[in-house]
Amino acid sequence: MTSRNPHAARRAELLRHMAGIGVDGLLVSNRRNIFYLSAFRGEDSLLLVRRGRSQLITDGRFSEQAEQETRGIEIVVRKKGLMATAAATARRGKVATLGIEAEALTVAQAEDLRAALGRTTLKPVRGLVQRQRMVKDAAELAVIRRAVAITQRAFLDTLPHIRPGMTEMEVAHILDRTMIELGAEGPAFETIVAAGERGSLPHARPTERRIRSGEAILFDWGARLEGYCADLTRLAFVDRIPPIYRRIYPLVLTAQRRAVAQVRAGRKTGEVDAVARGYLKAHRHGKDFRHSLGHGLGLDVHEAPSLARGVETTLRAGMVVTVEPGIYLPGRAGVRIEDLLLVTRKGHASLTSL
């Protein structure tokens, strides 16, 4: 895939997928998908992908931005409603069957579009661009690697500032600010800082709870850079390691290492999940692992593929996935270890080195 204009190459690949499902135009309304296919980061816009020249439908607020950010795309500045303009653009492009993103378009928008399309057939499609996004190209991987580097550096720079008596919120603010100072656009998601017993909440939000000596702090954080996410989870201990963590941390670490060893092209994602889950179950902590083993990562912090029980998605070279088993003991303790892996033809490469 050419690095000069990866967005054009992505549109060309999408056209091949569209031909396979019988649509000659796709109206893209998911903002992440629009960025993936065009580099445009504005709002309240649509991208019509079709053979010939694709069109970005926007309004006067974003016309200059669209010209600056996109290449090889016609900019249509609308005077009427968004759906009416999209329908008129599809008709001018002689689109016979127009696909719409079923997960992103509202019922009202679909009804307005259908009413304005005339003889053009409307066909809802699900996950077409998201499936393409599962395999990252060289341009995407380069940005993700930089986002991970910022994420890791920010964590190491934050640790020396932590003292007993600080609140979870104060620590989270330091970590977020440090990521931005290192070049991130901001955090990829709300940073998790969970002290002591609050580590048993897999998606704990930082609070005014004060950190005490002799307890663990669970961090789940990541930087967003040029639209792409990083995502890591680590534990830090204040002054000493409580006995309960000496027991359960090695179990989670071993479960993670066993699952990581299974990550390779051709493996089913559910099979990888089963390796970690089976190990924790054998050590009487199966019920304490309450979420899937991992997920894809890119423009969204959680995207396909899902590494979860019963999922039959086949891992392919170029996918970026998390592996993050955990043990959560309500009101007592929580351990999660999360790393990012790039699936390769021969196995995998770790994107994290923290």
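The values are calculated or read from the model by the stated rules, or taken from the named source; none is laboratory data. It should be emphasised that the depicted structure is a prediction, and the values quoted were computed from it without experimental measurement. Counting neighbours? That spans all protein chains shown, and the Cβs are built from the backbone with ideal geometry, glycine included. Keep in mind that these areas ignore ligands, DNA and RNA; they rest on the heavy atoms of the full protein, side chains included. Shrake-Rupley method; radii C 1.70, N 1.55, O 1.52, S 1.80 Å.
Rg over Rh of segment 195-302, using C-alpha atoms and the Kirkwood radius, what does it come to? Walk me through the numbers on the way to the answer.
Values: Rg = 15.7 Å, Rh = 15.8 Å.
Reported Rg/Rh (Cα atoms, Kirkwood Rh): 0.99.
Rounded to two decimals, the Cα radius of gyration of segment 243-284 over 2.2 N^0.38 Å is 1.25. Per residue, segment 125-280 exposes 41 Å² of solvent-accessible protein surface, assessed with a 1.4 angstrom probe and all protein chains in place.
Label 7 Å along Cα→Cβ of Thr167; segment 303-333 residues with amide nitrogen under 17 Å? Residues passing the 17 Å test: none.
Highest mean first, the peptides 44-51, 23-30 sorted by other C-beta atoms within 10 Å per residue fall in the order 23-30, 44-51.
Per the 1.4 Å probe, what fraction of the accessible area of segment 1-140, in percent, lies on carbon and sulfur atoms? Display every interim value, and only then the final one.
Numbers: 3290 of 6890 Å².
Accessible surface attributable to carbon and sulfur in segment 1-140 totals 48 percent.
If only the Cβ of Lys and Arg carry +1 and only the Cβ of Asp and Glu carry -1, the dipole of segment 73-147 around its Cα centre is close to 180 debye.
Counting only lysines at least 8 places from Lys346 when in the same chain, those with an alpha carbon closer than 27 Å to its own are Lys136, Lys268. Site pair His291 and Ala142 shows an inter-label distance of 3.2 nm when each label is modelled 7 Å from Cα along Cα→Cβ. When each of the peptides 184-196, 202-214, 148-160 is scored by the mean number of other C-beta atoms lying within 10 Å of its residues, the order from highest to lowest reads 184-196, 148-160, 202-214. Solvent-accessible area per residue in segment 292-354 equals 36 Å², computed with a 1.4 angstrom probe and all protein chains kept. Multiplying the residue separation of Arg53 and Leu156 by 0.36 nm and subtracting their alpha-carbon distance yields 32.4 nm. Per residue, the solvent-accessible area of segment 32-99 (1.4 Å probe, heavy atoms of protein chains only, all protein chains present) comes to 47 Å². Structural size metrics of segment 1-102, computed from C-alpha coordinates, are Rg and Dmax of 12.6, 37 Å.
One way to sum up the overall shape of segment 219-262 is the equivalent ellipsoid from its Cα gyration tensor, whose semi-axes run 26, 18, 5 Å, largest first.
Could you work out what % of the accessible surface of segment 211-348 is carbon and sulfur, using a 1.4 angstrom probe and leaving DNA, RNA and ligands out of the count? Working shown, then result.
On the way: 2740 of 5450 Å².
Here it works out to 50 percent.
Kirkwood Rh over Cα pairs of segment 278-347 into Stokes-Einstein at 20 °C, 1.002 mPa s: D in µm²/s? This corresponds to a translational diffusion coefficient of 162 µm²/s. Which log10 I(q)/I(0) values, to two decimals, does the chain give at q = 0.08, 0.12, 0.13, 0.14 Å⁻¹ under the Debye formula with one point per Cα? Values, matching the q order: -0.46, -0.92, -1.02, -1.11.
Any idea what the dipole of the chain comes to, in debye rounded to 20, about its Cα centre with Lys/Arg Cβ at +1 and Asp/Glu Cβ at -1?
Numbers: 56 positive and 38 negative charges, 243 e Å.
Roughly 1160 debye, rounded to the nearest 20.
Positive end of the dipole of the chain (Cβ unit charges, origin at the Cα centre): among Ser45, Gly310, Val320, the Cα lying farthest that way belongs to Gly310.
Across all Cα atoms of segment 170-252, the radius of gyration (one decimal) and Dmax (whole number) stand at 13.7, 42 Å. Let's test the formula: R0 of 45 Å, r as the Cβ-Cβ distance of Ser213 and Thr106. What FRET efficiency results, to the nearest 0.05? Given R0 = 45 Å and the Cβ-Cβ separation, E is 0.30.
Note that segment 23-160 shows a convex hull volume over its alpha carbon atoms of 141 Å³ per residue.
Amide hydrogen proximity for Leu351: with H placed 1.01 Å from N in the peptide plane, the residues at 5 or more positions away or on another chain lying under 5 Å are Leu340, Leu341, Leu342. When you count the other C-beta atoms within 10 angstrom of each residue and take the mean per peptide, 270-283, 234-247, 292-305 line up highest first as 292-305, 270-283, 234-247.
Checking understanding here: applying a Kyte-Doolittle mean of at least 1.0 and a length along the axis of at least 18 Å (C-alpha), which whole DSSP H helices in the chain pass? Answer set is empty. Computed over the chain, the per-residue total of -39500 (n - 2.57) for DSSP H runs of n ≥ 4 gives a 222 nm mean residue ellipticity of -11000 deg cm²/dmol, rounded to 500.
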